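J.: So that we are looking at the same thing, I have put the structure below in structure tokens.
Nothing in this text is a laboratory measurement; each read-out follows from the coordinates by a stated rule. Everything numeric in this text was worked out from a predicted model, so none of it was measured. As a convention, Cβ positions derive from the backbone with ideal geometry for all residues, glycine included, and neighbour counts pool all protein chains shown.
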Amino acid sequence: MKKQYSEVYSVDLIYNCLTDSRESFDSFLISNYHIKIILVDNHSTDDYYDRLKSIFPKLIFINSERNLGYAGGVNLGIR
């Protein structure tokens, strides 16, 4: 019988930090689990959102219209 796994979601918040985000997503994407990554850009002041979107097209992207702080940004991703 084939073993079934539940889907795993990760809500990640970014703000002006492309290098750290790339390393994190690379590690998620090579794991053995089926992980869906929800990326919330907390109103970065540079083009990080667009650059990550072009590098990782399989991620789920949310672009916040304003900086909601850590908890607000994560809650946006959960909703």
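J.: Select from the chain the helices, each a whole stretch of DSSP H, whose alpha-carbon atoms run 15 Å or more along the helix axis and whose Kyte-Doolittle mean is at least -1.0; answer none if there are none. Show your work: numbers first, answer last.
T.: Numbers: long enough: 18-29 (16 Å, -0.41).
What comes out of the filter, once short or polar helices are dropped, is 18-29.
J.: Still on this model: Among HIS43, HIS34, which comes first, then next, by fewest other beta-carbon atoms within 10 Å?
T.: Going from sparsest to densest Cβ surroundings: HIS34, HIS43.
J.: Is there a quick way to get the dipole size of segment 8-78? I mean about its Cα centre, with the Cβ of Lys and Arg at +1 and of Asp and Glu at -1; what is the value in debye to the nearest 20? Present the calculation step by step, with values, prior to reporting the outcome.
T.: Values: 6 positive and 9 negative charges, 48 e Å.
Approximately 240 debye in magnitude.
J.: Please find, in a Gaussian network model of the chain (springs between Cα atoms separated by less than 10 Å), the residue of ASN16, ASN63, ASN32 whose mean-square fluctuation is greatest.
T.: Sorting by GNM fluctuation, first place goes to ASN32.
J.: In Å and on Cα atoms, what radius of gyration and Dmax does segment 1-74 show?
T.: 13.4, 50
J.: Between LEU52, LEU39, LEU68, where does the largest GNM mean-square fluctuation fall for the chain, given springs only between Cα atoms within less than 10 Å?
T.: Taking springs between Cα atoms under 10 Å, the residue moving most is LEU68.
J.: On to the next question. Suppose only helical runs count, i.e. DSSP H with n ≥ 4. What mean residue ellipticity at 222 nm does that imply for the chain under -39500 (n - 2.57) per run, divided by all residues and rounded to the nearest 500 deg cm²/dmol?
T.: Mean residue ellipticity, 222 nm, calculated: -11000 deg cm²/dmol.
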